[in-house]
Amino acid sequence: YKTFPGNPRWKKTHLTYKIVNYTPDLPQKKVDDAIRRAFMVWSDVTPLQFQRVFNRHADIVIGFARREHGDGYPFDGRGNTLAHAFAPGEGLGGDAHFDDDERWSESNREVNLFLVAAHEFGHSLGLAHSNDREALMYPIYSYVNPATFRLSEDDRRGIQKLYGRKSSN
Ligand SMILES: CC(C)C[C@H](CC(=O)NO)C(=O)N[C@H]1Cc2cn(c3ccccc23)CCCCCCNC1=O
Ligand SMILES: [Ca+2]
Ligand SMILES: [Zn+2]
Ligand SMILES: [Zn+2]
């Protein structure tokens, strides 16, 4: 696993997120659920807790966008880059953007939103890319059944290096 230069991490374990817009590809409830489950991947193995908020400041702002969308990292149409996210910090820090030229799915059809969101939130929490091909933080998308998805040892070691393990109670 790798962290970002300077090891940026959140200095609190209770983090907020908000979803500012939706893709037309899925019902909003399915997007909400995929996002919730993607955060659980990380809260399952750390003391981190995620709370969804509406219409107020959030640590992690989540949205769908096409091409140029104001952060200097324009998307590229269908395929190629699927999404991006920023390392922990103020403002754009922690935010995750999903390319709305992709066809977002909750199945094995391209592109599974839960799997991509889980990867992006790794960045939002301070993990950079891993060169372990089994790792969620590997830079190339590959479909695995979300029902049986498990964080790799590499990902778990990385996130626990940053935030420690889940407290036993
Ligand atoms: C890990 C993922 C969830 C997020 C990453 C981006 C990322 O790291 N965000 O944090 C991603 O989109 N990776 C590309 C990498 C990539 C693969 N190819 C590319 C062709 C052109 C440009 C990029 C790519 C070959 C063709 C397949 C294109 C469709 C799938 N795309 C990818 O796997
Ligand atoms: Ca794209
Ligand atoms: Zn962006
Ligand atoms: Zn990435």
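The values are calculated or read from the model by the stated rules, or taken from the named source; none is laboratory data. Bear in mind the structure is a predicted one, so any value in this text is a computation, not a measurement. Reconstructed Cβ throughout: ideal geometry from the backbone, glycine too, with neighbour counts over all protein chains shown. Only protein heavy atoms, including side chains, enter the accessible area calculation; ligands, DNA and RNA are left aside. Shrake-Rupley method; radii C 1.70, N 1.55, O 1.52, S 1.80 Å.
Key figures
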{"item": "Subset of the range 1-21 (residues that are closer than 24 Å to Asp132 by Cβ and either in a helix (DSSP H, G or I) or in contact (Cβ under 8 Å) with a residue 40 or more places away in the chain (or both))", "result": "Tyr1, Lys2, Thr3, Phe4, Asn7, Pro8, Arg9, Trp10"}
{"item": "Qualifying residue in the range 97-113 (condition: modelled with pLDDT of 95 or more, among the small types (Gly, Ala, Ser) and closer than 22 Å to Gly63 by Cβ)", "result": "yes"}
{"item": "Every residue from the range 96-130 that is touching a helix residue (DSSP H, G or I) at 6+ places or on another chain (Cβ under 7 Å) and acidic (Asp, Glu)", "result": "Glu106"}
{"item": "Output for the range 22-67, where each listed residue is open to solvent by less than 20 Å² (accessible area, probe 1.4 Å), part of a loop (DSSP other than H, G, I, E, B) and in contact (Cβ under 8 Å) with a residue 60 or more places away in the chain", "result": "Thr23, Thr46, Leu48"}
{"item": "Failed item, numbered, when Ala135 is tested on (1) surrounded by 14 or more Cβ atoms within 10 Å (Cβ to Cβ); (2) away from ligand 4 (no atom under 15 Å from the Cβ); (3) in a loop (DSSP other than H, G, I, E, B)", "result": "(2)"}
{"item": "Residue list for the range 92-111, restricted to those being touching a residue at least 60 places away in the same chain (Cβ under 8 Å), touching a strand residue (DSSP E or B) at 6+ places or on another chain (Cβ under 9 Å), within 16 Å of ligand 2 (Cβ to nearest atom) and not acidic (Asp, Glu)", "result": "Phe98, Trp104, Ser105"}
